[in-house]
Amino acid sequence: QVQLVESGGGLVQPGGSLRLSCAASGIVFSGYAMAWYRQAPGKQRELVAIITSGSSTRYSNSVKGRFTVSRDNAKNTVYLQMNNLKREDTAVYYCHAEGDPTRYWGQGTQVTVSS
């Protein structure tokens, strides 16, 4: 059974930092590209960052320079370091494992940026 379990969300003030983690099981983690998506209330789910199996990374323009995605294949875990958080970063953040053709979603973790 495939599981993607996100953690690390919470309430943070503008300008603060959080690190999200996504622990995967049931897949050959090293063979998957891993992505972080987010969905704010009333908005579509959007790609935030992706890291390939070869550790190449890509970011949305809205988070470039503030967020960093990384992976630890020994721990089957992908991370999203979020710095200089803004109110518009408030959303549920989802981990996504992207294989060919199999794809899996985590359950999401809430990030709220507010003073």
For the pair Gln13 and Ser62, the simple spin-label estimate (label points 7 Å beyond Cα toward Cβ) gives in nm 2.4 nm
Ordered by number, the trypsin sites (Lys or Arg not before Pro) in the stretch 22-115 that occupy a DSSP loop and have at most 16 other Cβ atoms within 10 Å are Lys43, Arg45, Lys64, Arg66, Lys75, Lys86
Taking R0 as 25 Å and r as the Cβ-Cβ distance between Val5 and Arg87, the FRET efficiency 1/(1 + (r/R0)^6), rounded to the nearest 0.05, comes to 0.40
Here the residues of the stretch 1-41 lying in the modelled label zone of Ser115, meaning backbone nitrogen under 12 Å from a point 7 Å along Cα-to-Cβ, are 13-16
Rounded to whole angstrom, the alpha-carbon centroid of the stretch 48-74 lies from that of the stretch 1-15 at a distance of 16 Å
Along the stretch 2-10, Karplus-curve 3J(HN,Hα) (6.51, -1.76, 1.60; θ = phi - 60°) to the nearest Hz, with x for Gly and Pro, reads 7, 9, 10, 10, 8, 8, x, x, x
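Every number in this text was worked out from the coordinates using simple rules, so none of it is lab data. Bear in mind the structure is a predicted one, so any value in this text is a computation, not a measurement. When we count neighbours, we look across all protein chains shown, and the Cβ atoms used for this are built from the backbone with ideal geometry, even at glycine.
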